[in-house]
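The values are calculated or read from the model by the stated rules, or taken from the named source; none is laboratory data. Keep in mind that this is a model prediction, so the values were computed, not measured. Cβ placement follows ideal geometry from the backbone for every residue including glycine, while neighbour counts extend to all protein chains displayed.
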Amino acid sequence: MTKIRAAIKGIYGYLPEYILTNDELSRMVDTTDEWIMTRIGIKERRILKGEGKGTSDLGTEAVKGLLAKTKTSPEEIELLICATVTPDMQFPATANIICDKVGIKNAFSYDLNAGCSGFLFALDAASKYVETGLFKKVIVVGADKMSSITDYTDRATCPIFGDGSGAILLEPTTEDFGVMDSILKVDGVGRIHLHQKAGGSVKPPSHATVDAKEHFIYQEGQPVFKWAVSKMADVSLEIMKKNNLTADDIAWLVPHQANMRIIDATANRMNLDKGKVMINIQKYGNTTAATLPLCLWEWEPQLKKGDNIILSSFGAGFTWGAIYLKWAYNVN
Ligand code: UT7
């Protein structure tokens with residue numbers, strides 16, 4: 001029987017208009033453009049402004065753009081998975097809200113939380129529905145309004161994060177393109193280093209949790225950095241080895257955009273030339289579930305059918321992994 005693979009057939013991204021620069025940040029907290037550029041590599045990030053605007057608004061823009069670009073009607077979509085750590089609300093799922101705002105009526109949908117690896121985990125899950133022949137049109141959207149959980153008085157975290165979204169359309173193909181392999185990993189022991197302390201069932205919201213700023217991102221930068229550097233590189237090498245790929249075979253590395261030093265370390269361990277690495281961290285910062293699709297969207301005009309692409313990420317959980325993609329189309 002011919003193998004069905006899940007191929008990305010279109011991609012679209014959305015970034016809110018407001019640009020928060022390092023100069024503006026250095027007027028809010030005790031930091032400098034020089035520190036942020038050398039330690040993280042971010043120059044500016046986008047912020048979603050406006051009362052009542054949430055992650056579903058970011059996701060809706062990306063999905064609407066994707067449907068228009070791929071000439072797909074909302075009724076054709078059978079499944080939508082939204083990767084996010086900043087859902088509009090605890091329930092219902094932001095995926096359901098996006099479907100409603102876009103007019104997707106014949107699909108089921110759900111959210112997936114795998115920290116900064118959310119898009120990778122969601123792409124893996126979505127690809128299985130396609131590979132089994134169950135669905136023919138599936139959307140994966142990575143969307144995060146990180147500004148909603150960022151403490152803009154904490155210089156250790158506020159320079160890092162930004163808001164954004166990216167969406168892909170997955171379809172079946174019997175050609176040898178699309179999602180070729182994936183390796184996903186978690187280790188819950190890492191939860192102590194990166195989490196949101198309150199607002200869940202362990203510590204429901206209260207005046208005390210608000211006063212203690214426990215609804216913001218809590219991150220111990222150094223242990224997260226150490227884990228990210230080794231795990232992202234290890235898993236990227238593991239997927240290369242498993243698929244007999246050398247650095248010469250790889251057209252692009254799409255790394256999670258958390259820190260320029262983590263990206264460099266991963267590319268170095270893979271022996272990859274910097275010109276093969278998608279990097280836009282300087283413009284958007286860490287948009288959590290949106291970093292990978294935003295990179296693919298920005299580089300789409302340069303991608304060629306058959307390009308070997310490695311997606312790689314590390315995030316809260318801890319979660320990490322890599323996906324090997326063979327790009328399925330040329331833009332022109
Ligand atoms: O996507 C999810 C996964 N997350 C990550 O991958 C993040 C991984 N971690 C990191 O990227 C880095 O650890 C950070 C960027 C968060 C921090 O960089 P670092 O080089 O690990 O800095 P540090 O936390 O060791 O702090 C070094 C110094 C400290 O001062 P002292 O104690 O040496 O006097 C900090 O107080 O830098 C200080 N510092 C700052 N100085 C100026 C921390 N933040 C700032 C700042 N501006 N914004």
Hits in the stretch 263-285 (condition: within 15 Å of the ligand (Cβ to nearest atom) and within 21 Å of D124 (Cβ to Cβ))
T266
Quick count over the stretch 111-165, residues being polar (S, T, N, Q) and within 14 Å of the ligand (Cβ to nearest atom), is 5
Conditions (1) without any contact (Cβ under 8 Å) to a residue 12 or more places away in the chain; (2) more than 24 Å from A7 (Cβ to Cβ); (3) not small (G, A, S): number failed by C116
(1)
Quick check: is even one residue across the stretch 90-101 of a type in the set (V, I, T) and surrounded by fewer than 24 Cβ atoms within 10 Å (Cβ to Cβ)?
yes
Of all strands (runs of 3 or more DSSP E) fully inside the stretch 90-176, the set with 1 or more residues that are β-branched (V, I, T) is 138-145, 163-173
Is it true that some residue in the stretch 6-26 is in contact (Cβ under 8 Å) with a residue 40 or more places away in the chain, out of contact with any helix residue (DSSP H, G or I) (no Cβ under 9 Å at 6 or more places or on another chain) and within 16 Å of T157 (Cα to Cα)?
no
Long-range neighbours under 6 Å by Cβ, at least six apart or interchain, first residue on the phi > 0 side of the Ramachandran plot within the stretch 56-82, second part of a loop (DSSP other than H, G, I, E, B)
none
Quick check on my filter: what residues within the stretch 52-84 are more than 19 Å from the chain's Cα centre (by Cα) and either part of a loop (DSSP other than H, G, I, E, B) or among the aliphatic types (A, V, I, L, M) (or both)?
G52, K53, L67, A68, T70, K71, T72, S73, I77, E78
For residues that are part of a loop (DSSP other than H, G, I, E, B) and either surrounded by fewer than 20 Cβ atoms within 10 Å (Cβ to Cβ) or among the hydrophobic types (A, V, I, L, M, F, W, C) (or both), tally how many sit in the stretch 11-51.
14
Of the residues V229, V224, V235, V189, which is in a helix (DSSP H, G or I), within 16 Å of the ligand (Cβ to nearest atom) and in contact with a Ser or Thr (Cβ under 7 Å, 6 or more places away or on another chain)?
V235
Given the criterion within 19 Å of A125 (Cα to Cα), out of contact with any strand residue (DSSP E or B) (no Cβ under 6 Å at 6 or more places or on another chain) and in the same structural domain as T150 (by TED's automatic domain parsing), identify the matching residue among E78, E51.
E78
If you take the residues of the stretch 290-332 that are near the ligand (Cβ under 10 Å from one of its atoms) and either of a type in the set (A, V, I, L, M, F, W, C) or in a helix (DSSP H, G or I) (or both), which of them is farthest from H256 (Cα to Cα)?
F318
Are there any pairs, at least 6 apart or on different chains, whose C-beta atoms fall under 9 Å, with the first in the stretch 298-320 and at positive phi and the second buried (at least 18 other Cβ atoms within 10 Å of the Cβ) and assigned to a strand (DSSP E or B), and if so, which?
G306/K326; G317/A114; G317/C116; G317/L194
Residues of the stretch 261-297 being crowded, with 17+ Cβ neighbours inside 10 Å and at positive phi, in sequence order, are G285, T288
Of the candidates A114, A143, A122, A126, the one satisfying the condition of being farther than 15 Å from S313 by Cβ and in contact with a helix residue (DSSP H, G or I) (Cβ under 9 Å, 6 or more places away or on another chain) is A143
Which residue is nearest to the ligand (Cβ to nearest atom), if the candidates are limited to the stretch 238-254 and must be hydrophobic (A, V, I, L, M, F, W, C) and closer than 19 Å to G315 by Cβ?
V254
Sole miss for D176 among (1) modelled with pLDDT under 95; (2) surrounded by 13 or more Cβ atoms within 10 Å (Cβ to Cβ) is condition (2)
